[in-house]
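Below: one structure, written as structure tokens.
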Amino acid sequence: MPPRRSHKKSRNGCDQCKKRRVKVTPGTSLVEISARTDAALRVFQRNLTDTAYFVREWNGQDPELMHHYCISTCTTLSDQEDVRHVWRTEIPKIAYSYEFLMHGILSLSALHLSYVKPQKHSHYLTSSTFHMALGLQTFRTILRKPTAENCFALFAFSSVIMVWICAVPADSKDAQPLSSVIEMFNLCRGITTLLEFFPLINKSCLGPLMARDWSEKRGTPLRLFHGLDDQISRLRYRLTIEVLAEEERSVLEHAITELEKTCQRIEHARTLSASGMVYIWPIVVRVGFISLIEQRQPFALVLLACYCTQLHVFRRFWVMERRAESLLSEVLEVIPPGYADLLDWPRQFCLHGPDLERWCVLNPSPE
């Protein structure tokens, strides 16, 4: 593919490129969220390596990235064949008409390659960051005016970046798992910006990404999340004696209820390997809960530690591999000692609890 820019690179950056940058103003939540993520990406890029050698937006490595995506990456995001088909066939088809989505695909492929080819980890990670930053520039602009035509590309890119932000390595010396998960929560909630188009998306080729893959079985004893019932009781009791503003108490009570529901849904999923279910709790919690995490509010951090059990369950997917371990470790470092009793369950679960691979072997025919 020919160069998209007619000029040469410069040491300080060219004026033409600077003018292309999108200034984000207050408005749609996901636009603001994308801007924050884009800023985090720029910092992340500087920490990794100098990317000035990229002369053009598309380069000779891109065919390698697309090939790897089609033969490997797309098959690693789910064990459900209908969902795999969406990632393997439908999203690339949409990307033919939307350049930002193609950048997202290549970014995800490069990130996966950084896992499977550790000898070139830094190289592929830099390439992944580069493509994601380029995709975000256009994504933010188009998201300001979603339509029935572009909503599919916007939803697909939102799905890509939710996976990407969760998969970015969390075990490097510069990693900040807590900050990363806040970005993930913001992005998950931000997808609701497209809420009015959800019925249209659900009926489209992207429908399997939105499918309800669980049955509601309230009151059924939990086996996968063993001990959750007692933990929920402890959390609710402790919340009644915490000195909090009523609005905070309401936000936290809602988060507890939704945490319990999402654990039940994962356990009662028709397809136990539905890894996309790990994003449900971040989507359904209230915006105020994310603010409490940002403020390092102790009780909110306890609930975040409990959420690590969901990440642990799906750790056999490379996207989630060490996310629970790194996030729980940071939460334990910053939370006040007075909450230690509420952290016993998530800590023990992440040490000894089963992931889905082991669970499926022990329970081949779930009810």
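The values are calculated or read from the model by the stated rules, or taken from the named source; none is laboratory data. Since the model is a prediction, treat every value here as computed from it, not as a measurement. Glycine also receives a Cβ, built like all others from the backbone with ideal geometry; neighbour counts cover every protein chain displayed.
Overview of values
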quantity	calculated
Odd one out for L303, checked against (1) within 19 Å of A324 (Cβ to Cβ); (2) within 16 Å of the chain's Cα centre (by Cα); (3) among the hydrophobic types (A, V, I, L, M, F, W, C)	(2)
Among (1) among the hydrophobic types (A, V, I, L, M, F, W, C); (2) more than 20 Å from P346 (Cα to Cα); (3) at pLDDT 95 or above - the single one L259 does not satisfy	(2)
Evaluation of D79 against (1) modelled with pLDDT of 85 or more; (2) outside any helix (DSSP H, G or I); (3) under 19 Å from the mean Cα position of the chain (by Cα); (4) not aromatic (F, W, Y) (one fails), failing number	(1)
